[in-house]
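Presented below is the structure to which this report refers.
The values are calculated or read from the model by the stated rules, or taken from the named source; none is laboratory data. Just so you know, these numbers come straight off a predicted model, no measurement behind them. Cβ sites come from the backbone with ideal geometry, for glycine too, and all protein chains shown count toward neighbours. Just the protein is used for accessible areas: all its heavy atoms, side chains included, with ligands, DNA and RNA removed. Shrake-Rupley method; radii C 1.70, N 1.55, O 1.52, S 1.80 Å.
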Amino acid sequence: MKVPVGVLASGSGTNLQAILDRCADPAYPARVACVVVNRKGAGALERARRAGVPARFVSHRERPREAFEAELVAALREHGVRWVALAGFMRLLGPTFLDAFPGRVLNIHPALLPAFPGLHAQARAHARGVRVAGATVHLVDAGTDTGPIVAQAAVPVRQEDDAEALAARILAAEHRLYPMALRWAVEGRLRVEGRRVRVDLPPGEQTWIWAP
Ligand code: GRF
């Protein structure tokens with residue numbers, strides 16, 4: 001039985017697509033049970049529809065955060081969601097949401113955390129002249145990109161890269177990293193020990209990937 005996962009997105013949804021593509025494999029242990037977006041034009045909505053996954057728009061505008069989060073929780077519960085994957089979801093989540101899925105919310109961030117949390121991480125890493133950049137999948141806590149790290153993908157920064165080229169390389173790495181980490185999560189392989197996550201790794205896998 002595949003584990004039902006909910007995906008929250010605000011944008012184009014290429015990470016959602018990577019997860020959907022992996023879920024199409026019968027051997028992959030998760031299925032996307034529902035997608036919720038908080039922006040009407042989010043490409044993620046169309047990707048969900050194309051995959052035949054129930055999708056919903058929930059607005060965060062002109063209402064208290066608690067009401068927004070309660071509606072998100074209700075939408076996910078309606079579909080029996082066990083794990084939540086944030087995929088380009090541009091809202092901070094508070095206790096109303098996080099207490100409903102304790103320790104069961106993942107996020108992907110386009111930097112090697114704890115460096116460059118927050119917005120425009122790829123451009124800031126590029127501007128700072130880092131030589132290795134990347135992406136991080138982490139468990140979500142109430143902070144901005146502060147939760148325990150599950151897996152990281154490292155990518156080289158080439159001399160000729162502009163910020164866009166670097167961002168594209170990082171995004172391609174994200175598409176490999178997220179389905180891998182999500183699989184460990186739904187298989188119950190994650191053990192949180194303080195701020196660290198121990199992963200009961202499947203043979204041949206590592207908690208990092210090098211994605212040149
Ligand atoms: C990704 O770079 C992700 O790391 C960040 O938001 C972006 C989402 O892109 N959190 P997409 O919507 O999955 O294409």
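Data table
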{"item": "Spherically averaged projected area in nm², based on the convex hull that wraps the Cα atoms of the chain", "result": "11.6"}
{"item": "Per DSSP, loop trypsin sites (Lys or Arg not before Pro) in the range 151-206 with at most 14 further Cβ within 10 Å", "result": "R158, R195"}
{"item": "Residue-normalised accessible area of the range 108-212, given per residue in Å² at a 1.4 Å probe", "result": "51"}
{"item": "C-alpha long axis of helix 163-186 to longest principal axis of the chain, angle in °", "result": "50"}
{"item": "Helical contribution to [θ] at 222 nm, DSSP H n ≥ 4, -39,500 (n - 2.57), averaged over the chain, rounded to 500", "result": "-10000 deg cm²/dmol"}
{"item": "Hz values of 3J(HN,Hα) by residue in the range 61-76 - Karplus curve (6.51, -1.76, 1.60), Gly and Pro given as x", "result": "7, 6, 7, x, 4, 4, 5, 4, 5, 4, 5, 4, 4, 4, 4, 6"}
{"item": "Per-selection metrics, the range 108-212 (Cα): Rg and Dmax in Å", "result": "13.7, 41"}
{"item": "Additional length obtainable on full extension of the chain from R56 to R82, 0.36 nm per residue less Cα span", "result": "7.6 nm"}
{"item": "Scaled radius of gyration (Cα, divided by 2.2 N^0.38 Å) that the range 22-69 gives", "result": "1.40"}
{"item": "Qualifying trypsin sites (Lys or Arg not before Pro) for the range 27-114 [loop in DSSP, other Cβ within 10 Å: at most 11]", "result": "K40, R61"}
{"item": "Loop sites in the range 112-177: GluC sites (Glu not before Pro), DSSP, at most 15 other Cβ within 10 Å", "result": "E160"}
{"item": "Relative contact order of the chain, pairs being alpha-carbon contacts under 8 Å that are 6 or more residues apart, as %", "result": "18"}
{"item": "Fraction of beta bridges assigned by DSSP in the chain that are antiparallel (%, nearest 5)", "result": "40"}
{"item": "Principal-axis tilt of helix 14-23 within the chain, Cα atoms, nearest 10 degrees", "result": "70"}
{"item": "Binned Cα-Cα distances of the range 39-154, short to long, each 5 Å bin given as a whole percent", "result": "2, 10, 18, 20, 19, 16, 9, 4, 1, 0"}
{"item": "Sequence of T14, T136, T146 from largest to smallest accessible area, 1.4 Å probe", "result": "T146, T14, T136"}
{"item": "Rh by Kirkwood over Cα pairs, then Stokes-Einstein D for the range 1-102 at 0.890 mPa s and 25 °C, µm²/s", "result": "182"}
{"item": "Around Q159: net Lys/Arg minus Asp/Glu count, Cβ-Cβ under 14 Å", "result": "0"}
{"item": "Accessible area of M180 in the full protein assembly, 1.4 Å probe (Å², nearest 10)", "result": "30"}
{"item": "Exposure rank, largest accessible area first [D99, D161, D25; 1.4 Å]", "result": "D99, D25, D161"}
{"item": "Projected area averaged over orientations for the range 116-170, convex hull of C-alpha atoms, nm²", "result": "3.7"}
{"item": "Candidates V132, V150, V37: whichever shows maximal mean-square fluctuation once the chain is modelled as a Gaussian network with Cα springs under 10 Å", "result": "V132"}
{"item": "GNM result for the chain, Cα springs below 10 Å: residue of E193, E69, E78 fluctuating most strongly", "result": "E193"}
